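Some notes on the structure that comes next.
The values are calculated or read from the model by the stated rules, or taken from the named source; none is laboratory data. Remember, it's a predicted structure, so these values are computed and weren't measured experimentally. Cβ atoms come from the backbone with ideal geometry, glycine included; neighbour counts cover every protein chain shown.
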Amino acid sequence: MNKLSIQTTENPRPKPQPGAPLGFGTIFSDHMMIMEYDKGIGWHDARIVPFGNISMSPASTCLHYAQETFEGLKAYRAQDGRILLFRPEENFKRLNLSNERICIPTLDVDFCVESLMELVKLEKDWVPAEDGSSLYIRPFVIGNESRLGVKDADNYMYMVLLSPSGAYYPEGLKPVKIYVEEQFVRAVRGGVGFAKTGGNYACSMLAQHTAHEKGYSQVLWLDGVEKKYIGEVGAMNIFFVIDGEVLTPELDGSILAGITRKSIIELLRAKGYQVTERKISIQEVAAAADSGKLQEVFGSGTAAVISPVGELKWEDKVMVINNNEIGPVARYAYDTLTGIQWGRIPGPEGWVREVCRI
Ligand SMILES: Cc1ncc(COP(=O)(O)O)c(C=O)c1O
């Protein structure tokens, strides 16, 4: 079993002032975690160290062949001072699925959770207290062998960074406008769409730019073969409410198995909603919009939790959903999930882990 050593910084940096805008992913806490892997030895030298730059060979595998995987989760500060994690083991199980696909050695899920709890405990004062803010957690793994041959690396680094982040919707939940991408595709069945690996995001940026230029905030991807079936949004899974039924695309290997998606499905089913995971064509959604049966559309992901969609543009068609307002299903999912994550309401057994108290 790996041991975790801790070296604390001698130069702690000032924490952001209460109320200061945090944005997303640009401020880092005082410490980070590193662990290394060498072929023949396995994962070793797990350590928490002061946050800082790392040195690597310019021939490092990750820089040339994108051998890297990552995760994203959050630590939340409850009003009573508890610091909470939401289903962290799900993120590390998914990291291992991504690793297997990208030929990266898997990690011990329990060790990842336990060492993350140590890191967050050490950095508890970096968990912001403002409504909707959180400490974003970024675990990632890179192939780090100095060799230009196309081959999976013999050496890897696992790291965890912590970044205090502001509320996704500081002015309250606001429906977003989404553009259905017609030219480019993000993933194909048999590819790496289900893996959280950098290349999936690099290949999505061009379409994202076009969507922004046209006044849309995100791209909705269709399947890579027929450009017919709905996949997911940039960093969110997607749900539709059509004629009272909640629909979301099935996990066919080309979309990420979102932990928010899974949690929402469980919460909505427990509340009595009919939730179906299946193929959904964009034509079906357009027809439902025409017949007045498209009641709600919303995205789900760790960053925003729930993102109501107010407008969907596909080819020349503009679908305005629920009068550009959040609907009851999205509202219930958002209130329940955020209530559980920020410790305001109890969640199902095992969903929330208490790291420590402030
Ligand atoms: C491509 C993609 N789909 C879906 C999601 C939502 O996943 P989760 O709910 O686990 O954050 C994310 C965010 O991680 C993502 O990057």
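Does Ala202 satisfy the condition of being farther than 23 Å from Val285 by Cα, under 17 Å from the mean Cα position of the chain (by Cα) and within 13 Å of the ligand (Cβ to nearest atom)? So Ala202 passes the test.
Residues being within 16 Å of the ligand (Cβ to nearest atom) and modelled with pLDDT of 95 or more: count how many of those fall in the stretch 154-168. Going through the stretch 154-168 one residue at a time, the tally reaches 4.
Glu171 satisfies every condition listed in (1) at pLDDT below 95; (2) touching a Gly at 6+ places or on another chain (Cβ under 8 Å) except (2).
Conditions tested, residue by residue: (1) polar (S, T, N, Q); (2) within 15 Å of the ligand (Cβ to nearest atom); (3) modelled with pLDDT under 95.
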| site | (1), (2), (3) |
| --- | --- |
| Ile238 | no, yes, no |
| Gly244 | no, no, no |
| Leu247 | no, no, no |
| Arg261 | no, yes, no |
| Arg269 | no, no, no |
| Ala288 | no, no, no |
| Ser291 | yes, no, no |
| Thr302 | yes, yes, no |
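Filtering the stretch 63-98 to residues that are in contact (Cβ under 8 Å) with a residue 60 or more places away in the chain and charged (D, E, K, R) leaves Glu68, Glu71, Lys74, Arg77, Asp80, Arg82, Arg87, Glu90, Arg94.
Within the stretch 176-200, the set of residues being part of a loop (DSSP other than H, G, I, E, B) and either outside the structural domain of Ile255 (by TED's automatic domain parsing) or in contact with a Lys or Arg (Cβ under 8 Å, 6 or more places away or on another chain) (or both) comprises Glu182, Val185, Val192, Gly193, Phe194, Ala195, Lys196, Thr197. For beta carbons closer than 6 Å, sequence separation of 6+ or different chains, a first residue in the stretch 343-358 that is in a loop (DSSP other than H, G, I, E, B) and a second that is not aliphatic (A, V, I, L, M), the qualifying pairs are Gly343/Arg82; Ile345/Gly339; Trp351/Arg87; Ile358/Gly81; Ile358/Lys124.
When Ile54 is tested against the conditions (1) touching a residue at least 60 places away in the same chain (Cβ under 8 Å); (2) in a strand (DSSP E or B); (3) of a type in the set (A, V, I, L, M), the lone failure is (2).
Here's the yes/no breakdown for (1) more than 21 Å from Tyr37 (Cα to Cα); (2) away from the ligand (no atom under 16 Å from the Cβ); (3) in contact with a strand residue (DSSP E or B) (Cβ under 7 Å, 6 or more places away or on another chain):
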| residue | (1), (2), (3) |
| --- | --- |
| Arg82 | yes, yes, yes |
| Pro88 | yes, no, yes |
| Asn96 | no, no, no |
| Glu100 | no, yes, no |
| Leu107 | no, yes, yes |
| Glu114 | no, yes, no |
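Within the stretch 259-307, being in contact with a Gly (Cβ under 8 Å, 6 or more places away or on another chain), over 19 Å from Trp221 (Cβ atoms) and either free of Cβ contacts under 8 Å to residues at least 24 places away in the same chain or not in a strand (DSSP E or B) (or both) holds for one residue alone: Gln274.
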